[in-house]
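Structure first, commentary second.
The values are calculated or read from the model by the stated rules, or taken from the named source; none is laboratory data. Computed from a prediction, not measured in an experiment: that's the story for all the values here. Glycine gets a Cβ as well: all are built from the backbone with ideal geometry, and neighbour counts include every protein chain shown.
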Amino acid sequence: MPGWSTLRLLMEVTFRPGTPQDSEVCGTVCYNAFKTIAEQHGFPADFAAAEVTVGLMSWVLARRDVYSVVAESEGRIVGSNFLWENSVIAGVGPVSVDPAVQNAAVGRRLMELVLERAREQKFAGVRLAQAAYHNRSLSLYTKLGFTTREPLSCLQGPALGVEIPGYAVRPAKEEDLEACNRVCLAVHGHERSPEVLEAIKQGTATVVEHDGRLTGYATVIGFAGHAVGETNEDVKALIGAATTIAGPGMLVPTRNGELLRWCLQRGLRITQPLNLMSLGLYNEPSGAFLPSVIY
């Protein structure tokens, strides 16, 4: 049974939409939350410094395609969560709660609110990437209806500078969007057109061509990007051509032993395990892929 301090906190916590003015506090809370949990389990933090998460929050809270929820207690922000609404599938995260108020059901309510939003907006499915070492979040998400679909390995290291014979990689162009969508639809059963178009406009997206046609793409090789290919060779080519592995690392499906082994044999190292989890629509992938930290 919870103590009086927990009951008092639960009565005082309120929830509201986030605003750009919340960026600094939300970013600081997010940094401290992720750092504390990672250190408790002996893993590196996802974010190098609070300035990184403050910048992330500034960007996310200014987006119209991201629904935000902020938790407050006695006028102080103690947590936040986000629903990415730019596809037929909605992505969740980052969800963070001030370490001082952990285990007081704030995280549960933040999750419930974004899932309520997803139902209201009639998304076909909701997905997230969960830090596998954090057993409490795994338990929570499972109880909320999520199913673990894919164990992931976060890999980091220097750019490989490797070419795959017969698989040519080049920067993506807007006229590639339709072909990119076809590949994603064939592999996952849905497309991620807005994300791909955004990455193309930002100059981070790449495509791979084999036998005279486009067979894969990446928005960016790294934590925040996803990649899709008809075969492992397509994704290997995209990884091999990347000039850097952005952020904490790229997420490789652990069950894809061939691709994971190829990366490890070239000097990349596993930094942490994660789980890709889904609620609602999910199709078993019929090709090679790298999910983002959102999904």
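Mind listing whichever residues of the stretch 176-223 are touching a strand residue (DSSP E or B) at 6+ places or on another chain (Cβ under 9 Å), among the basic types (K, R) and surrounded by fewer than 24 Cβ atoms within 10 Å (Cβ to Cβ)? The answer is R182, and nothing else. Scanning the stretch 262-271 turns up no residue that is buried (at least 20 other Cβ atoms within 10 Å of the Cβ) and either assigned to a strand (DSSP E or B) or without any contact (Cβ under 8 Å) to a residue 24 or more places away in the chain (or both). Within the stretch 157-189, the set of residues being without any contact (Cβ under 8 Å) to a residue 12 or more places away in the chain and hydrophobic (A, V, I, L, M, F, W, C) comprises L185 only.
Looking at this structure, is R182 part of a helix (DSSP H, G or I) and of a type in the set (K, R)? It would help to see each step written out before you state the result.
On the way: part of a helix (DSSP H, G or I): yes; of a type in the set (K, R): yes.
Answer is yes for this residue.
As for the stretch 167-180, it holds at least one residue that is hydrophobic (A, V, I, L, M, F, W, C) and either in contact with an Asp or Glu (Cβ under 6 Å, 6 or more places away or on another chain) or assigned by TED's automatic domain parsing to the domain that holds V60 (or both).
Within the stretch 245-261, the set of residues being without any contact (Cβ under 8 Å) to a residue 40 or more places away in the chain and either loosely packed, with under 15 Cβ neighbours inside 10 Å or among the aliphatic types (A, V, I, L, M) (or both) comprises A246, G257, E258, L259, R261. Of the residues making up the stretch 1-24, those that are over 11 Å from I77 (Cα atoms) and at pLDDT 95 or above number 4. Residues that are surrounded by fewer than 14 Cβ atoms within 10 Å (Cβ to Cβ) and modelled with pLDDT of 95 or more do not occur anywhere in the stretch 25-37.
So which of S278, S286 is within 16 Å of the chain's Cα centre (by Cα) and assigned by TED's automatic domain parsing to the domain that holds G189?
Numbers: S286 fails: within 16 Å of the chain's Cα centre (by Cα).
Unique residue meeting the criteria: S278.
Of all residue pairs spaced 6 or more apart or on separate chains, those with beta-carbon atoms under 9 Å, a first member in the stretch 96-107 that is more than 12 Å from V69 (Cβ to Cβ) and a second member that is surrounded by fewer than 16 Cβ atoms within 10 Å (Cβ to Cβ) and of a type in the set (K, R) are D98/R76; Q102/R136; N103/R136.
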